1. Which residues, taken from the stretch A:279-334, are over 30 Å from B:Val185 (Cα atoms), within 14 Å of chain B (Cβ to nearest Cβ) and acidic (Asp, Glu)?
2. Condition first: crowded, with 23+ Cβ neighbours inside 10 Å and either part of a strand (DSSP E or B) or among the hydrophobic types (A, V, I, L, M, F, W, C) (or both). Now tell me which residues in the stretch B:50-70 satisfy that.
3. From A:Ala161, A:Ala80, A:Ala167, A:Ala71, which residue is within 12 Å of another protein chain (Cβ to nearest Cβ), buried (at least 24 other Cβ atoms within 10 Å of the Cβ) and either of a type in the set (Val, Ile, Thr) or over 21 Å from A:Pro39 (Cβ atoms) (or both)?
4. With among the hydroxyl-bearing types (Ser, Thr, Tyr), within 19 Å of the chain's Cα centre (by Cα) and away from chain A (no Cβ under 14 Å) as the only criterion, which of B:Ser61, B:Ser44 stands out?
5. Just give me the residues in the stretch B:91-141 being part of a loop (DSSP other than H, G, I, E, B) and either surrounded by 18 or more Cβ atoms within 10 Å (Cβ to Cβ) or under 34 Å from the mean Cα position of the chain (by Cα) (or both), in sequence order.
6. Quick check on the stretch A:270-285: of everything there that is in contact with a Lys or Arg (Cβ under 9 Å, 6 or more places away or on another chain) and in a loop (DSSP other than H, G, I, E, B), which residue is nearest to A:Asp171 (Cα to Cα)?
7. Please find, among A:Leu54, A:Leu25, the residue that is out of contact with any strand residue (DSSP E or B) (no Cβ under 6 Å at 6 or more places or on another chain) and either buried (at least 24 other Cβ atoms within 10 Å of the Cβ) or over 16 Å from B:Val455 (Cα atoms) (or both).
Amino acid sequence: MRTLADYKSDQYVRWCPGCGDHALLNSIQKAMAELGVAPENIAVVSGIGCSSRLPYYMNTYGMHTIHGRAAAIATGVKTANPKLSVWQISGDGDGLAIGGNHFIHTVRRNVDMNMILMNNRIYGLTKGQYSPTSERGFVSKSSPYGTVEDPFRPAELTFGARGTFFARLVDVDLANSAPIFEAAARHKGASVVEALTNCVIFNDGTHSLIATKEARAENAIYLEHGKAMIFGKEREKGLMQEGFGLKVVKIGENGVTEKDLLIHDAHAQDATLQLKLALLDGTSGFPIALGVIRDVAAPTYDESVTQQIEEVKAKQSVKNLSELLMTRDVWEIK
Amino acid sequence: MTDKLNRIELDNVVVRFSGDSGDGMQLTGTFFCNLAAALGNDISTFPDYPAEIRAPQGTLSGVSGFQVHIGAKKVYTPGDKADVLVAMNPAALKTNAKFLKPDSVVIIDTDTFSEKDLEKALFTTLKPFDELGLGNAQVIEVPITTLCKEALADSGLDNKSIVRTKNMFALGLVCWLFNRPIDNVVSMLTCKFAKKQAVLQANIKALTAGFDFGHNTHASISTYVIQSKEKKAPGFYTDINGNTATAFGLIAAAEKAGLELFLGSYPITPATDILHELAKHKSLGVKTVQAEDEIAGVCTAIGAAYAGALAATSTSGPGLCLKSEAINLAVITELPLVVIDVQRGGPSTGLPTKSEQTDLLQALYGRNGESPLPVIAATSPAQCFDAAFYASKIAVEFMTPVILLTDGYLGNGSEAWKLPNLEEYPDIKPNYISADIENWKPYNRNENLVRYWAVPGTPGRQHRVGGLEKDYATSAISTDPANHQKMTLTRQAKIDNIANFIPELEVIGDEDADLLVVGWGGTFGHLREAVEQVRTTGKKAALAHFQYISPLPKNTVEVLKQYKKIIVCEQNLGQFAGYLRMKIPGIDLLQYNKVEGQPFNVEELVETINAAR
């Protein structure tokens with residue numbers, strides 16, 4: 001049995017007191033202990049930003065790299081050694097602004113790694129500029145009159161890049177976080193986990209709609225594969241399909257029973273409904289979806305690379321460079 | 001008839017094949033060069049192709065050329081100017097006029113020299129040779145297209161396929177001109193078109209028709225013979241270009257180090273062939289990732305290096321710019337990484353298909369902070385093999401990124417290469433952390449200041465590396481001023497110390513000459529040839545050619561101080577000269593600089609050397 005302590009390094013954790021990253025670090029370590037992967041078989045790769053300091057606090061192999069490039073570097077780690085459990089850590093600035101290209105291509109290639117996107121909708125380490133996930137009109141040091149641009153929605157980006165796994169959790173929700181990280185690790189392919197994180201200094205309360213247990217009961221829906229979509233303090237509300245959209249219904253009203261509610265299907269290849277669920281933003285009475293929203297099987301990049309090498313090896317007799325050179329147009333001088 | 005022919009014996013000859021990019025001139029040149037090599041001649045080739053894939057037919061921008069230098073003895077360059085030009089259309093003639101010797105032999109396809117064709121190539125008269133000042137050229141006018149159509153009338157092939165065999169007709173004619181049997185070409189064609197019998201037969205017919213045409217109708221023109229006069233070392237040889245040799249050098253290094261080879265790359269001219277070559281060799285376990293951009297190319301390689309592979313990335317100048325930040329990550333994390341820069345004309349997109357040496361200072365200093373790393377420059381197409389091998393050896397044994405500079409001329413140019421015996425190459429020993437070292441920290445170092453490589457998967461060696469400065473002793477993040485000073489000096493000292501493990505600088509030619517010619521990298525063949533030519537006129541000259549640039553060979557100062565005059569010749573505006581002045585304060589250097597995107601011209605170098613003496 002492994003414990004959380006097996007995954008903690010001896011480094012002093014230097015995030016601000018109250019930062020959501022503390023909770024996430026804990027949840028990730030808890031998930032690793034639960035999964036039982038030996039620390040020496042784990043590589044944690046991050047970019048630059050507050051969240052990217054995470055590898056230093058892990059007693060695993062780790063790289064704190066350069067801004068935006070964690071996904072590309074992690075792709076190299078995993079492709080070179082597919083036996084490693086690879087965790088790629090970045091934030092909304094690191095992963096979706098400067099590293100946006102690597103993010104979509106890593107998702108597209110379906111490299112088997114866990115891509116943890118800590119989304120606090122702000123640049124924290126550079127002291128408070130708006131990020132690619134900040135809402136239009138967001139006031140920050142670099143947007144004193146409010147931003148004039150629309151944000152990325154990480155789910156939409158993931159789905160657009162043909163992602164095979166997308167889950168969402170919120171930092172303070174300790175009870176539900178570790179199981180989601182575990183599900184991400186079990187998924188073979190690029191598992192994107194959007195971890196909604198609070199920045200106490202520069203963007204406090206950005207996820208206040210679901211920051212407490214009570215608020216989550218009202219404003220969040222926990223999606224579980226095969227389970228009916230129910231939420232609300234008294235579990236009195238549910239989601240149903242209506243035309244091309246979704247609607248919130250009250251169980252027991254207008255003849256609606258639990259049986260009429262949508263059953264979550266994370267394994268459906270068709271991502272249409274999963275995307276709809278992922279884009280619910282807590283307004284107009286709709287809840288924010290948490291949990292594993294999409295989890296479908298597809299060939300992974302690293303496995304395919306290895307498999308192709310094995311196939312070619314089986315077919316071709318050339319085993320080393322000297323043999324290879326003799327397959328060229330050669331002439332002999334005696 | 002042949003017996004009456006005037007056969008002229010030559011020591012060397014330069015033949016240039018030129019036509020539309022779709023005319024198959026590269027293939028024709030390659031066949032001719034392989035044929036010469038198989039007959040014991042020495043060879044050196046250089047393609048000159050446009051950046052456009054298929055520009056409009058018959059226009060100047062669509063001309064693709066391939067130059068072959070064949071020698072009775074060792075040849076060091078593809079030759080300055082051509083003795084023989086095959087011009088498949090007026091545009092090819094016009095584009096190549098400046099690469100012709102005044103009395104050269106020019107073979108043209110008269111079927112493509114109509115008034116309309118001349119107009120397309122922007123000739124203003126109907127006398128292209130006079131217009132180009134090529135009045136003394138010996139022109140062999142052949143209706144190649146018509147003759148191909150006649151020869152293949154019964155082949156059942158469509159017109160387009162028949163016209164495509166023009167290049168083989170031209171090759172047959174050139175074979176006749178040089179008294180070369182065409183049997184070898186037939187076997188090369190058989191290899192190439194093994195699965196396309198109709199195309200194979202058509203090409204053989206065109207080839208034979210070309211040879212016979214020369215034999216039967218052009219008895220009045222002299223033919224040439226190049227006997228092999230120098231006995232080469234026994235062994236198997238192949239014609240190899242620099243990009244392929246680079247790829248093979250990496251494979252050899254991986255074998256010698258017992259590592260998996262990983263290449264992260266993004267397509268860029270003129271480096272892409274390295275990716276192409278390595279992507280083929282999955283049977284040797286080579287992993288190649290065609291990344292989403294240049295940055296991801298180097299980043300995947302850095303990830304692979306951390307995971308324990310021999311990792312490389314290949315690019316050209318603009319790509320090296322994009323990779324700078326990531327290379328610096330490899331500098332501070334002290335991970336082995338081979339960065340190959342096949343230099344091309346710059347700045348910006350510059351001259352993608354042409355050659356320059358203008359990335360030297362970028363390679364040495366184009367990164368933020370104090371960021372020392374070894375820089376190695378390959379000296380000939382075949383030497384790219386050794387250069388890539390030793391770049392890998394240094395990277396792995398000294399835990400450092402290494403930049404290997406080749407260039408478009410080396411990458412695409414080719415020469416005969418004796419297949420190496422890998423047993424004669426040294427082992428490559430990764431500096432792994434051994435199991436018996438206790439209390440290890442990731443930035444602990446051996447006697448050569450090299451940190452140990454702890455590969456993920458090794459129990460008990462979990463550690464973190466990263467772009468932030470680390471404490472010399474504990475390897476934890478550190479912003480301590482004295483520690484940063486110490487780490488900066490240590491990183492520099494580690495690279496400086498590599499000078500003790502590289503070959504010393506050698507001088508070719510007269511050690512007692514007054515003038516020393518200095519060069520580096522891909523200009524070796526031209527400089528050597530020029531120095532030899534100066535010496536054959538009874539004058540003294542010497543050449544010191546640098547392959548190791550950072551660190552410089554230990555005896556650099558000692559060698560340079562022996563000469564009264566030094567001229568540094570390079571294809572930039574004096575980057576190496578400036579570097580030497582910084583490294584050797586007070587040194588007095590003359591410069592010869594050329595940035596035309598073309599290889600050096602030996603004749604011009606000889607003049608320069610004579611003037612400087």
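Bear in mind that the values in this text are calculations on the coordinates, not laboratory data. What you are looking at is a predicted structure, and each value in this text was computed from that prediction instead of being measured. Neighbour counts are summed over all protein chains in view; Cβ atoms, including those assigned to glycine, are modelled from backbone coordinates with ideal geometry.
1. Hits for the stretch A:279-334 are A:Asp302, A:Glu303, A:Glu310, A:Glu311.
2. Correct list: B:Val63, B:Ser64, B:Gly65, B:Phe66, B:Gln67, B:Val68, B:His69, B:Ile70.
3. A:Ala71
4. It is B:Ser44.
5. Selection gives B:Phe113, B:Ala121, B:Leu122, B:Phe123, B:Leu132, B:Gly133, B:Leu134, B:Asn136, B:Ala137.
6. Per the stated criteria, the residue is A:Gly285.
7. A:Leu25
For every residue, the table says whether it meets (1) more than 17 Å from the chain's Cα centre (by Cα); (2) in contact (Cβ under 8 Å) with a residue 60 or more places away in the chain; (3) surrounded by fewer than 24 Cβ atoms within 10 Å (Cβ to Cβ).
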residue	(1), (2), (3)
B:Ala387	no, yes, no
B:Ser392	yes, yes, no
B:Asn412	no, yes, no
B:Ile437	yes, no, yes
B:Lys441	yes, no, yes
B:Thr458	yes, no, yes
